[in-house]
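Right, one structure below, let's go through it.
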Amino acid sequence: MNADTVFERPLTAHIDPTREPLSLKEYEAVGGYAALRKAVKEMAPGDVTKAVKDANLRGRGGAGFPTGVKWSLIPMGADAPRDKYIICNADEMEPGTFKDRLLMEGNPHQLVEAMLVSAYAIQASRAYIFLRGEYILAAQRLRAAIAEAMESGYVGAHILGGSWGVSLSVHTGAGRYICGEETALINSLEGKRANPRAKPPFPQIAGLWGKPTVVNNVETLCNVPHIVNRGADWFHGLSQGRSQDSGTKLYGCSGRVKNPGCWELPFGTTAREILEDYAGGLQDGLKLKCWLPGGASTDFLLPEQLDLAMDYDTIGHAHSRMGTGLIMAVDDHQDILKVLLNLEEFFAQESCGWCTPCRDGLPWSVKILRALIARQGRRKDIGILEEMTHALGPGRTFCAHAPGAMEPLQSALRFFRDEFEAGVAEHPAPTPAELQVLT
């Protein structure tokens with residue numbers, strides 16, 4: 001694919017960084033709020049959920065869970081709880097990720113409409129955009145868009161003159177990575193410490209204030225109005241046969257590349273196309289050493305894996321995760337231990353402290369990495385780090401925070417072991433007695 005290739009970009013078609021975002025009237029002029037009118041006036045709530053399910057819209061926040069399936073778990077009908085909630089996870093704390101910011105700042109009415117259509121699908125009575133506190137401009141623009149929508153009758157008690165209504169508000173968080181986990185986000189929204197909850201019950205049954213709740217990512221939700229307007233077959237066609245995953249994806253690239261940024265491309269675009277055609281390749285004099293496919297909590301991949309399609313299954317089969325789909329490029333002038341230290345310090349700082357492996361294990365990994373960087377590591381330190389990738393792995397901790405922190409570490413140990421060994425302090429050869437103890 002050449003960077004000049006023409007294809008549909010429904011999510012970013014009306015985003016222009018050189019101008020202010022579309023006002024409500026400008027947004028309506030390009031088809032805005034047509035999906036809300038169609039949903040409320042022509043479709044039953046279940047029809048909207050079915051359209052999203054048929055489109056195979058998978059979560060764009062990192063997990064890739066089917067959105068329509070998640071919505072279908074919400075109790076509906078006369079016996080369902082009266083109060084139900086939908087929350088947009090706009091916390092976006094994953095290092096190297098900035099795609100949701102582009103959508104919120106560039107076209108806030110798109111997210112407002114997406115929230116309203118999605119709220120209608122599950123008959124939510126209240127909707128929240130849980131926004132990262134540092135996204136000040138996004139907060140200003142979203143609140144202005146909501147105010148415009150309220151004046152036009154798109155938000156409130158009787159939307160478009162019907163019997164259904166929903167309130168919508170922006171809630172800015174205090175800035176915690178753990179709020180990317182939906183139950184920790186719900187706790188924070190309730191005014192509690194942002195610790196994850198035990199599941200089950202799942203939020204769809206007992207979420208915000210004990211009521212049925214759906215939590216979806218910004219990019220995920222922004223696809224919903226387009227699916228309602230144009231249908232599942234159109235959405236499947238956006239990937240141009242490159243992937244079994246449907247739609248477009250906001251891919252990006254950061255690091256020492258010539259043109260870091262974020263682009264809406266067909267699902268299944270290869271990592272090489274993103275890195276070379278769109279990001280312009282590495283800066284002069286640098287070569288690619290390795291890359292993270294979707295944020296800090298994914299496994300490193302190597303240059304020979306650049307031709308992999310950037311979709312959930314392909315990257316999963318390569319023993320990593322697509323995550324948020326924003327590549328972090330590491331060049332050959334960078335010490336992998338220092339790259340890891342930067343990541344693990346972040347994860348250690350962001351641990352909620354709820355469970356012992358995460359609370360105590362992550363700072364220990366930081367201590368070992370610092371010693372290795374200072375060339376003061378012990379012979380057994382590398383083995384300890386390897387043990388930690390299992391002790392802090394999936395199923396050993398309360399949530400996925402520590403297992404995510406172990407992903408870049410375990411892959412670095414696999415690919416760049418010599419750099420770890422170079423950090424071991426030179427000591428005299430062990431005596432026979434020491435060897436006997438070690439064995």
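Any read-out appearing in this document is the output of simple, stated calculations on the displayed coordinates, not a laboratory observation. Quick caveat: nothing in here was measured; it's all calculated off a predicted structure. Cβ placement follows ideal geometry from the backbone for every residue including glycine, while neighbour counts extend to all protein chains displayed.
Structural remarks
- Ordering of 220-226, 316-322 by packing is 220-226, 316-322, highest average first (other Cβ atoms within 10 Å, averaged per residue).
- Separation of alpha-carbon centers, region 110-177 and region 303-349, rounded to whole Å: 34 Å
- The 3J(HN,Hα) values that the Karplus relation (6.51, -1.76, 1.60; θ = phi - 60°) gives for region 70-83 are, in residue order, 4, 5, 5, 7, 6, x, 10, x, 5, 8, 6, x, 5, 8 Hz. Gly and Pro appear as x.
- Sequence-separation-based contact order of the chain, relative, with Cα cut under 8 Å and 6+ spacing, percent: 15 percent
- Residues in region 205-215 carry Karplus couplings, in order, of 9, 9, x, 4, 6, x, 10, x, 9, 10, 10 Hz; the curve used is 6.51 cos²θ - 1.76 cosθ + 1.60 with θ = phi - 60°, and Gly or Pro positions show x.
- Straight-distance candidates among the lysines for linking to residue 84, with alpha-carbon spacing under 18 Å and chain neighbours fewer than 8 residues away dropped: 70, 211.
- The chain: angle of helix 356-373 to the longest principal axis, Cα-based, in degrees nearest 10: 50 degrees
- Residue among 329, 405, 149 with the largest mean-square fluctuation in a Gaussian network model of the chain, springs linking Cα atoms under 10 Å: 149
- Gained length - residue 152 relative to residue 82, 0.36 nm times residue gap less alpha-carbon distance: 22.6 nm
- Sum of side-chain charges, residue 8 neighbourhood, beta-carbon under 12 Å (Lys, Arg +1; Asp, Glu -1): +1
- Ellipticity estimate at 222 nm from DSSP helix runs (n ≥ 4, -39,500 (n - 2.57)) divided over the chain, nearest 500: -11500 deg cm²/dmol
- Eligible lysines near residue 338 by straight Cα distance, threshold 21 Å, same-chain separation 8 or greater: 287, 289, 367, 380
- Between residue 238 and 247, the built amide H atoms are under 5 Å apart, and every one of these is 5 or more places off in sequence or on another chain.
- Amide H contacts of residue 217 (H built 1.01 Å from N, in plane; Pro and chain starts excluded): 60, 61, 89 sit under 5 Å, all sequence-distant by 5 or more or on other chains.
- Integer Hz, Karplus 6.51/-1.76/1.60 couplings in order for region 381-386, x for Gly and Pro: 5, 5, x, 5, 4, 5
- Straight Cα distances below 13 angstrom link residue 199 to the aspartates and glutamates 181, 182, with same-chain residues fewer than 8 positions distant left out.
- For the chain, the share of DSSP beta bridges that are antiparallel, to the nearest 5, is 40%.
- Two-site label geometry, residue 134 and residue 234: point separation in nm, points 7 Å out along Cα→Cβ: 3.7 nm
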